[in-house]
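Read the structure below first, then the notes.
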Amino acid sequence: MNPLPIHSRADCQALDRADALAGLKSQFDLPPGVIYLDGNSLGVLPSATPARVAQVLTQEWGQDLIRSWNSAGWIDMPARVGNKIARLVGARNGELVVADSTSVNLYKVLSAALQIAKQDRPGARWVVSERSNFPTDLYIAQSLCRQHGLELKLVDEPEQLPQSLQDCAVLMLTHVNYRTGRMHDMAALTRSAHAAGALVVWDLAHSAGAVPVDLHAAKADFAVGCGYKYLNGGPGAPAFVWAHPRHAERFWQPLSGWMGHDAPFAFTPDYRPAPGVRRYLCGTPAVIGMAALECGVDTVLAAEPLGGMAALRAKSLALTETFIHLVETRCGTLAATDLGVRLASPRAGALRGSQVSLVLHAPLQHAGYAVVQALIARGVIGDFRAGDSERLSEVPHILRFGFTPLYLSFAEVWDAVEHLHQVLGQQEWQNPKFHQTASVT
Ligand SMILES: *Cc1c(COP(=O)(O)O)cnc(C)c1O
């Protein structure tokens, strides 16, 4: 799909008419008057979810009560939903389970990876990651480094990664950066890490359901990911965890709860880990949340007969390219003002996930939050990620827009840019009501 050149809303509508994935939008009940560009942060509600959750509540819990662990298959949900997610990330049946949150799963796999590294590579001194990685990932790594007597080495530029792997125990990366949308070459970096003797943990929070991922082709070691972003699992949805079969049984993960026991209902006093990835479970599965997550994952799998992740990726790239083109031609610099935006995401599609980040021109950097609030008031929902107030030239404030090809149209991209043009041109962001900050940004 080559979207350019686009000169008018009618050009966008023509792309929509030619879009073989357009019908997937009927899987969602989107609120009228909203252009939702935040599916990278909280995915939308699938139409099937309320009825499915109601069934879990009123029938499975309300009527069938504890019998539902067997009769409704509650106990199998971590593996069943995990097998569905596995299809989206190049994992095989039985290798991936749904459990806990991304942060907790990262703790489990990073801990296991560090134990393996300690045995295979006793001299290793570092966990290597990026300063721009999502903070919870860095916080978890800091805790584990303290426990294991290692140091966390953070690089500033992705290009420095291959040179930073000497004496590295584990390279821990997020595949698609949450701020800039920059996407790593998973296979190449995994190869570099293995050549240097290190293991690799991949966080797929902004990848699963957003871009094609092939964990086996990349020979990755461990992966975790998020259920409530592109997988549309709902607020606080359970996350997922994958361990390559060559590692899955080498060590206990540290949260050795009963659901990861080989025989949870034998109630023996001694822990004996389950075979394979099931040992990465800890406590009782969150059944209601998992039922909602399964509905969300199904909305992505619905693209399989239409070309699956490859087709979704092609549309996602066409959407983000259209957005970048329209933003640059219409909002790059607005006549007779200092106003305008520049691209903060990679221009090359191959380096970009399913989001586009923008930065306001320097004199107006501080207005980013208010610009996003003014857009939200117009029904265009994106978000704002604060930069580093002491190093704004290196880590600027970012206006972030996620593009979910399951439900977004090219006409909506046109309309979103029109709203941005008006917010900037009419200086709407100066209204004090757009400067009040809430507790969640
Ligand atoms: C969203 C996200 C998380 C979220 O972790 P939770 O434990 O669900 O709060 C973690 N890591 C990355 C890279 C993310 O993008």
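Below is a table of values for the structure above.
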{"item": "Estimated FRET transfer efficiency (Gln59, Arg92; beta-carbon r; R0 30 Å; 0.05)", "result": "0.35"}
{"item": "Linear extension gain, Thr284 paired with Arg17, 0.36 nm per residue minus alpha-carbon span", "result": "91.5 nm"}
{"item": "Two-site label geometry, Gln427 and Glu390: point separation in nm, points 7 Å out along Cα→Cβ", "result": "3.3"}
{"item": "FRET efficiency for Ser103 and Ser8, using Cβ-Cβ distance with R0 set to 51 Å, rounded to 0.05", "result": "0.65"}
{"item": "Overall form of region 31-127 per C-alpha gyration tensor (a/c, 1.5; a/b vs b/c)", "result": "oblate"}
{"item": "Degrees separating the helix 102-120 axis from the principal Cα axis of the chain, which is the longest one", "result": "60"}
{"item": "Farthest toward positive dipole pole in the chain [+1 Lys/Arg, -1 Asp/Glu at C-beta], among His366, Val224, Ser47", "result": "Val224"}
{"item": "Percent carbon-and-sulfur accessible area, the chain, ignoring ligands, DNA and RNA, probe 1.4 Å", "result": "55"}
{"item": "For Arg278, solvent-accessible area (1.4 Å; no DNA, RNA or ligand), Å²", "result": "80"}
{"item": "Principal semi-axes in Å for region 52-301 [√(5λ), Cα gyration tensor, largest first]", "result": "32, 21, 14"}
{"item": "Test item: Cα-centred dipole of region 52-301, Lys/Arg +1 and Asp/Glu -1 on Cβ, debye", "result": "200"}
{"item": "Accessible heavy-atom area order of Thr268, Thr299, highest first, probe of 1.4 Å", "result": "Thr268, Thr299"}
{"item": "Accessible area per residue in Å² at 1.4 Å probe, computed on region 52-301", "result": "40"}
{"item": "Space enclosed by the convex hull of the alpha-carbon atoms of the chain, per residue, Å³", "result": "150"}
{"item": "Distance (nanometres) between label positions extended 7 Å along Cα→Cβ at Ala266 and Ala438", "result": "5.0"}
{"item": "Nonlocal amide H pairs with Phe134, under 5 Å, H built at 1.01 Å", "result": "Tyr178"}
{"item": "Solvent accessible area, Å² - Arg9, 1.4 Å probe, full protein context", "result": "90"}
{"item": "Aspartates and glutamates with Cα under 18 Å of Lys229, excluding same-chain neighbours fewer than 8 positions away", "result": "Asp29, Asp38, Asp100, Asp137, Asp203, Glu294, Asp298, Asp383"}
{"item": "Expected-Rg normalisation [2.2 N^0.38 Å, Cα atoms] applied to region 171-239", "result": "1.12"}
{"item": "Distance from region 1-41 to region 175-216 (C-alpha centre basis), Å", "result": "28"}
{"item": "Accessible surface ranking that places the most exposed of Glu294, Glu151 first, with a 1.4 angstrom probe", "result": "Glu151, Glu294"}
{"item": "Assigned charges on the beta-carbon of Lys, Arg, Asp, Glu; region 311-433 dipole about Cα centre (debye)", "result": "260"}
{"item": "Unit charges on C-beta of K, R, D, E only; dipole of the chain, Debye", "result": "540"}
{"item": "Efficiency of FRET between His216 and Asp76 - r from beta-carbon atoms, R0 22 angstrom, step 0.05", "result": "0.40"}
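The values are calculated or read from the model by the stated rules, or taken from the named source; none is laboratory data. All values derive from a computational prediction rather than experimental measurement. Positions of Cβ are backbone-derived with ideal geometry, glycine not excepted, and every protein chain shown enters the neighbour counts. Ligands, DNA and RNA are excluded from the accessible area calculation, which covers all protein heavy atoms including side chains. Shrake-Rupley method; radii C 1.70, N 1.55, O 1.52, S 1.80 Å.
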